[in-house]
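S.K.: Pasting a structure here, questions to come.
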């Protein structure tokens, strides 16, 4: 069984849709919004995505524990044709596979979390207004002050799935998405932050609650990624009804000489 490029969105949707929480980001990338920036590879039922819409191409390869061996075989065959430098999101064990071809650095464990207890979310008063393209300058100022180095695609403001909180006219908290796909019924939260001078007041929780209320009208699965060592963020999301459902590693890859 050989790796091959897969161009049929219906086939990819069927395979990834078997576990929509684990594969929420890939399902979202099937939308027209992201599709032109993607390359898909398949070996049997296992799928890997190479996303080109960022400065450093990003490889996403996730598998349930019982399918790690099959996914490792996919990556082992695919590695020789991948770019020399990559960022990667990999299920546990797959980093060892790519390490045969690449030097692995900046590795950090992450949780995939999913909204599983909406009753907890309902206990938080939602606050915030929908942001749009006109709010981009204020949003960039907030990220520069509160979340430097985060990955943010300004095009995502066109989705209408960014919620911000203002005080005295200044944007001080925001909750947004990395993925929102009514077609595939999945969303992934991202770019959530509060200005340093306003932290400790529950503003991020209020913005997330407002955003989730919007998202649940159009999707079945609300997910997010969070660093495993960011205990404050993990506690926040657990308080809002999110549960850890999978672990993975983010890392940089540089091809070995």
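S.K.: Relative contact order, percent, of the chain when contacts are C-alpha pairs under 8 Å separated by at least 6 residues? Kindly include the intermediate steps, with their values, before the conclusion.
M.R.: On the way: 509 pairs, mean separation 66.8, N = 257.
Reported as a whole number, the value is 26 percent.
S.K.: In the calculated pair distance distribution of the stretch 187-244, what percentage of Cα-Cα distances lie above 13 Å? Can you show the working numbers first?
M.R.: Values: 1039 of 1653 pairs.
When every Cα pair of the stretch 187-244 is considered, 63 percent fall beyond 13 Å.
S.K.: Cut-off 10 angstrom, C-alpha nodes, Gaussian network model of the chain. Which of 40, 87, 151 fluctuates the most?
M.R.: Among 40, 87, 151, the largest mean-square fluctuation in the Gaussian network model of the chain belongs to 151.
S.K.: Then there is this: Test of understanding: what is the full-extension gain from residue 73 to residue 127, defined as 0.36 nm times their sequence separation minus their Cα-Cα distance? List each step's numbers first, then the result.
M.R.: On the way: separation 54, 0.36 × 54 = 19.44 nm, distance 4.67 nm.
Full extension from residue 73 to residue 127 adds 14.8 nm.
S.K.: Okay, helix-only estimate at 222 nm for the chain: each DSSP H run of n ≥ 4 adds -39500 (n - 2.57), divide by all residues, round to 500 deg cm²/dmol; what do you get?
M.R.: Working: 8 runs with 66 residues, N = 257.
Helix-only estimate at 222 nm: -7000 deg cm²/dmol.
S.K.: Quick one: 156, 113, fewest Cβ neighbours within 10 Å first, how do they rank?
M.R.: Working: 156 19, 113 25.
The order, fewest Cβ neighbours first, is 156, 113.
S.K.: Please report, largest first and rounded to whole Å, the three semi-axes of the ellipsoid equivalent to the chain, where each semi-axis is the square root of five times an eigenvalue of the C-alpha gyration tensor.
M.R.: 32, 19, 17
S.K.: At what distance in angstrom do the alpha carbon centres of the stretch 194-252 and the stretch 1-67 lie from each other?
M.R.: After rounding, the separation between the Cα centres reads 23 Å.
S.K.: Explain nothing, just the number: relative contact order of the stretch 117-240, from Cα pairs under 8 Å at least 6 residues apart, as a whole percent.
M.R.: Details: 204 pairs, mean separation 35.3, N = 124.
About 28 percent, as a whole number.
S.K.: Roughly what angle does helix 68-78 make with the longest principal axis of the chain, taking Cα atoms, 0 to 90 degrees, to the nearest 10?
M.R.: Roughly 70 degrees, rounded to the nearest 10.
S.K.: Under a GNM of the chain (C-alpha, springs under 10 Å), which listed residue has the highest mean-square fluctuation: 112, 227, 201?
M.R.: 201
S.K.: Within the stretch 52-91, what residues put their amide N at less than 13 Å from the label point 7 Å along the Cα-to-Cβ vector of residue 100?
M.R.: 69-80
S.K.: Scale the Cα Rg of the stretch 134-253 by the rule-of-thumb value 2.2 N^0.38 Å and send over the ratio, two decimals. List each step's numbers first, then the result.
M.R.: Numbers: Rg = 14.1 Å, N = 120, 2.2 N^0.38 = 13.6 Å.
In units of the globular-protein estimate, the stretch 134-253 measures up at 1.04.
S.K.: Taking 25 Å as R0, compute the FRET efficiency from the Cβ-Cβ separation of residue 243 and residue 185 and round it to 0.05. Each step should come with its number before you reach the end.
M.R.: Numbers: r = 18 Å, r/R0 = 0.74.
The value I calculate is 0.85.
S.K.: So for 143, 162, fewest C-beta neighbours within 10 Å to most, what's the order? Write down the numbers at each step before the final one.
M.R.: Numbers: 143 17, 162 27.
So the ranking, lowest neighbour count to highest, is 143, 162.
S.K.: Quick one: if the Förster radius is 25 Å, what FRET efficiency do residue 198 and residue 134 give, using the C-beta to C-beta distance and rounding to 0.05? Show your work: numbers first, answer last.
M.R.: Values: r = 22 Å, r/R0 = 0.88.
The computed FRET efficiency comes out at 0.70.
S.K.: I need the fraction of alpha carbon pairs in the stretch 29-135 separated by more than 17 Å, rounded to a whole percent.
M.R.: Values: 3610 of 5671 pairs.
For the stretch 29-135, the share of Cα pairs beyond 17 Å comes to 64 percent.
S.K.: Here's a follow-up. Springs between alpha-carbon atoms under 10 Å, Gaussian network over the chain: tell me which of 188, 173, 217 tops the mean-square fluctuations.
M.R.: For the chain, modelled as a Gaussian network with Cα springs under 10 Å, the answer is 217.
S.K.: Measuring from label point to label point, each 7 Å out along Cα→Cβ, what is the residue 231 to residue 218 span in nm?
M.R.: Computed distance between label sites residue 231 and residue 218 equals 3.7 nm.
Computed from the coordinates by the stated procedures, all read-outs in this text should not be read as laboratory data. Quick caveat, the model's predicted, so the values are computed rather than measured. As a convention, Cβ positions derive from the backbone with ideal geometry for all residues, glycine included, and neighbour counts pool all protein chains shown.
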